[in-house]
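The values are calculated or read from the model by the stated rules, or taken from the named source; none is laboratory data. As the structure is a prediction and not an experimental result, all values here were calculated from the model. Virtual Cβ from ideal backbone geometry, glycine too; neighbours counted across all protein chains shown.
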Amino acid sequence: MNALAERFAPRDVGSYFVYTHEAHPGENYPHHTSWEQKLRHARDLRDKLGVSRTILVDSLDGACHRAYGSMPNMSWIFNRRGVPVYKSDWTDAASLENALLYFLDVLARRRAGERLAPFRVQRLDYRNHDRDAFYRGLERAGRKAVEEFKTAGL
């Protein structure tokens, strides 16, 4: 996602990471019990995983996360008026790139004078499902997170 954000920044596209909570808490990164702890976790995310985008930290009670769907890895694209034009319940760089290219094309067409009318689309996208990489990510939180996930059969 960092590379995608860097690629589209010259086209005046902003990219932000909203840190909501630990989706799979463990002994290294437990559930948040204080604002200070949540800020430490967000800094670790930035530093240890190399997130170069601006990180916005949700409130301790997760109000922003709930307002935008509560999924663990969502992505949204908003136009300049703040209207959502893309919503995905999972972050996938290829899907986001496709949407960004489309909406930048729409913007160029409008600037060229073409009259366009919006309509809604729903589609099913697919992402790489690398289970080993997912478990390596869980290990960051701690063995407890890995074991709970395996026990749940997911």
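Scan the stretch 26-43 residue by residue and report those that are assigned to a helix (DSSP H, G or I), over 27 Å from residue 77 (Cβ atoms) and touching a residue at least 12 places away in the same chain (Cβ under 8 Å). 35, the sole residue that qualifies.
Residue count for the stretch 15-25 under the criterion of being in a loop (DSSP other than H, G, I, E, B) and either more than 15 Å from residue 72 (Cβ to Cβ) or of a type in the set (D, E, K, R) (or both): the result is 2.
Please determine whether any residue of the stretch 130-142 is of a type outside the set (Asp, Glu) and in a loop (DSSP other than H, G, I, E, B).
So in the stretch 130-142, the residues of a type outside the set (Asp, Glu) come out as 131, 133-138, 140-142.
Next, only the ones that are in a loop (DSSP other than H, G, I, E, B) stay: 142.
Scanning the stretch 130-142, I find at least one residue that is of a type outside the set (Asp, Glu) and in a loop (DSSP other than H, G, I, E, B), so the answer is yes.
Of the residues in the stretch 44-62, not one is at pLDDT 95 or above, within 27 Å of residue 143 (Cα to Cα), part of a helix (DSSP H, G or I) and not charged (D, E, K, R). For beta carbons closer than 9 Å, sequence separation of 6+ or different chains, a first residue in the stretch 134-154 that is closer than 18 Å to residue 30 by Cβ and a second that is hydroxyl-bearing (Ser, Thr, Tyr) and not in a helix (DSSP H, G or I), the qualifying pairs are 140/29; 141/29; 142/29; 145/29.
Taken together, the residues in the stretch 55-88 that are in contact (Cβ under 8 Å) with a residue 40 or more places away in the chain and exposed (fewer than 13 other Cβ atoms within 10 Å of the Cβ) amount to 2. Checked against the criteria, residue 100 does not count as assigned to a helix (DSSP H, G or I) and without any contact (Cβ under 8 Å) to a residue 40 or more places away in the chain.
Please pick out the residue among 99, 133, 94 that is within 24 Å of residue 19 (Cβ to Cβ) and modelled with pLDDT under 95. Steps first, please.
On the way: 99 fails: modelled with pLDDT under 95; 94 fails: modelled with pLDDT under 95.
Matching residue, one of 99, 133, 94: 133.
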